[in-house]
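To start, I am sharing the structure in question, which I have written as C-alpha cells.
Throughout, read-outs are computed from the coordinates displayed, never taken from laboratory work. Just so you know, these numbers come straight off a predicted model, no measurement behind them. Heads up, the Cβs are rebuilt from the backbone with ideal geometry, glycines too, and the neighbour counts pull from every protein chain shown.
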Amino acid sequence: MIKKLITIFFLGLMLLLPTTSLAASNTEISIDTYYLVVSPTDDGSTNMMIMANYTNPSAKEYKGDGTSDAVLKVTLPVGATGFKFLDSTIPTKTTDFGFIATQPIKANGTEVLPYSYQMPKGKSVDLKFDYAVGQMQVLVPQGMGSVAFKGVDAADQGSFQFDGQNYEGYNISGIKASQNFSMTYDKNKQPAGASSQASTKSTSDSKSSVTETAPAFHNPGHIRMWEESALSNFNPHIFLIVLIAIILVGIFSFIYFRRKSRKEEARIGADKEEQAFKLLMSKQKAILEKIIELEETHGDGKLSEADFNKKLAAYKEHLVQVKMSLRQFVE
C-alpha cells in the first residue's frame, strides 16, 4: 500500500512538469507545486492523496510567523475524514482545522508534505489554500471518473500513461492565498476524450478550358533577333515557361536548404538540452525507485527507524536538488 501511495504521489514530479514558483502574499512561503490524486474508495467516498511542495525562497531559515510553533499550516476541507500524514520524518500536529508542520524550512529550500484524507460521496470539495499555489496538478485514474471545478480555470491536459496505469490530468495555475474554489468528483462520469471530427469534402471536377491566342502584335526587331539566334528552333513561349520554372526551382531550393540548415543547427542545440533534461529525469526516477525500495525494506523490518529516517531525508534532499535543476528549462 505504501509503495502505491508513494508511486502515485511522486508521479506528478515525473510529468514534465518542472514549474515556476509563485510568491505568496503576506508570507515568505508559497506552494510551488501541489499534486492531488483523486480516486474512489471501496465504500464510495472520495480519496484525496496530496503531495505539496512548500518553497522558502529567502536566504534565511523559515521558522513560521512567530505566533505559535507552527511553521506550515494546512487547512483541510470541511467534511474531511481519515486524515493520514505519510512521512514520519516531519513532525506534525493535528488541529481542528487540519494540521501544522513544526519543522523549519532551510534557506532556499523546499519542504514536501505528503498526506491523504477522504471526502463523502458526491460532496463538492471546497478548497482554500493558506499559501499561494504556483501550479496545481490534479490526476484521476482513467476509467474512475472525472472532476469539475468552479471558481478557477482548469486546463484539461488529456490522458497519459504511467506504470501501466492511464490518468486524466488537469492543471490550475496561479491560485492566490485564501482563494475559494470548489471541485466535484463524479466516478461515474468519464471525461470526454479528444473527439476527432471528420470533415466530408465534396469535390466536383471542373474543367477549365484555356484558350491560347497569339498576341496581336510582336515587336518585329524582337522576332528577328529570336529567329537569328541559336534558340530559333524552340518555341519562344515554351522556352520562357521553362526558364521561369528553372528560376523558381532555384529560388525554392535555396530557401529549402537554408531553412534546413537552420533547423539542423536548432536541432543540435535542442539535442544538448534534451540530453541534459533526460539525465535529470533519469536521476529523479532513480531516486523515486530508491525511496520505494527503502519503504519496502523498512516495512519488512530490515531497517531501523533511525536509519530509515536518515536515508529518507537524504533521498528527499537529493530529489529537491534535481527538481530545482529542472526549473532552468522553463525559467
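Round to the nearest 0.05 the FRET efficiency obtained for A192 and K60 when R0 = 45 Å and r is the Cβ-Cβ distance. Please list the in-between numbers first.
Numbers: r = 49 Å, r/R0 = 1.08.
For A192 and K60, the calculated efficiency is 0.40.
Which of the chymotrypsin sites (Phe, Trp or Tyr not before Pro) found in the range 35-81 are in a DSSP loop and have at most 10 neighbouring Cβ atoms, other than their own, within 10 Å?
none
Continuing with the same structure: What distance in nm separates the simple spin-label points at T94 and N171, each placed 7 Å from Cα in the Cβ direction?
Once both label points are built, they end up 3.6 nm from each other.
Report the full-extension gain for the segment K290 to E28: residue separation times 0.36 nm, less the Cα-Cα distance, to one decimal in nm. Each step should come with its number before you reach the end.
Working: separation 262, 0.36 × 262 = 94.32 nm, distance 3.18 nm.
Full extension from K290 to E28 adds 91.1 nm.
For a quick protection proxy, order the peptides 89-101, 248-260 by their average other-Cβ count within 10 Å, most packed first.
By packing density, highest mean first, the sequence is 89-101, 248-260.
If you don't mind, there's one more thing I want to ask. Could you give me the ³J(HN,Hα) list for the range 284-294, computed from phi with Karplus coefficients 6.51, -1.76, 1.60 and θ = phi - 60°, whole Hz, x at Gly and Pro?
Result, rounded to whole Hz: 4, 5, 5, 5, 4, 5, 5, 5, 4, 4, 5.
What are the ³J(HN,Hα) values, in whole Hz, obtained from phi via the Karplus relation 6.51 cos²θ - 1.76 cosθ + 1.60 with θ = phi - 60°, for each residue of the range 151-160 in sequence order, with x given for Gly and Pro?
Once θ is set to phi - 60°, the couplings for the range 151-160 become x, 9, 9, 10, 9, 6, 8, x, 9, 8 Hz.
Whole-Hz Karplus ³J(HN,Hα) for the range 235-244, in order, using 6.51 cos²θ - 1.76 cosθ + 1.60 and θ = phi - 60°, x for Gly and Pro?
Karplus values, whole Hz, x for Gly and Pro: 5, x, 5, 5, 4, 5, 4, 4, 4, 5.
In addition: Expressed in nm to one decimal, what extension gain is obtained for the pair A245 and V78 from 0.36 nm per residue of sequence separation less their Cα-Cα distance?
Gain in length upon complete extension: 52.7 nm.
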